[in-house]
Amino acid sequence: MPKKNEELDPETLELIQWCIEVEGWLVKGGATEKEAQDHIEEQVEWFTDLFYDGLTPEEAAKEALA
């Protein structure tokens, strides 16, 4: 985690927002909020790849739920 006075770059902020949206889609797909958060944290590299591959949060959640 960055220190208090460090700002995150715009790309990192975009990735974080994207993951928050993925979490919402995972919850809509039947996961609890905690399960969705844990899954994203455990698979952060995979989700980051999906982000950079240009998948929407909904598409990423469908991949995760498949």
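The values are calculated or read from the model by the stated rules, or taken from the named source; none is laboratory data. What you see is a predicted model, and the numbers here were worked out from it, not measured in a lab. Just so you know, the surface numbers come from the protein's heavy atoms only, side chains and all, with ligands and any DNA or RNA stripped out. Shrake-Rupley method; radii C 1.70, N 1.55, O 1.52, S 1.80 Å.
Using alpha-carbon pairs under 8 Å, 6+ residues apart, how would you state the relative contact order of the chain in percent?
Working: 34 pairs, mean separation 25.5, N = 66.
Relative contact order here is 39 percent.
Just the number, please: carbon plus sulfur as a percent of the accessible area of the chain, 1.4 Å probe, no ligands or DNA/RNA counted. Write out the running numbers ahead of the final one.
Numbers: 2550 of 5020 Å².
For the chain, the apolar C and S fraction of the accessible surface comes to 51 percent.
Per residue, what accessible area does the chain have, given a 1.4 Å probe and all protein chains present, in Å²?
On the way: 5020 Å² over 66 residues.
I get 76 Å² per residue for this part.
Given the -39500 (n - 2.57) contribution per DSSP H run of 4+ residues, what per-residue ellipticity at 222 nm results for the chain, rounded to the nearest 500 deg cm²/dmol? It would help to have the intermediate numbers written out before the result.
Details: 4 runs with 47 residues, N = 66.
Rounded to the nearest 500, the figure is -22000 deg cm²/dmol.
Looking at the chain, I'd like the Rg to Rh ratio, where Rg is from alpha-carbon atoms and Rh is Kirkwood's inverse mean 1/r. Each step should come with its number before you reach the end.
Values: Rg = 12.2 Å, Rh = 12.2 Å.
Result for the chain is an Rg/Rh of 1.00.
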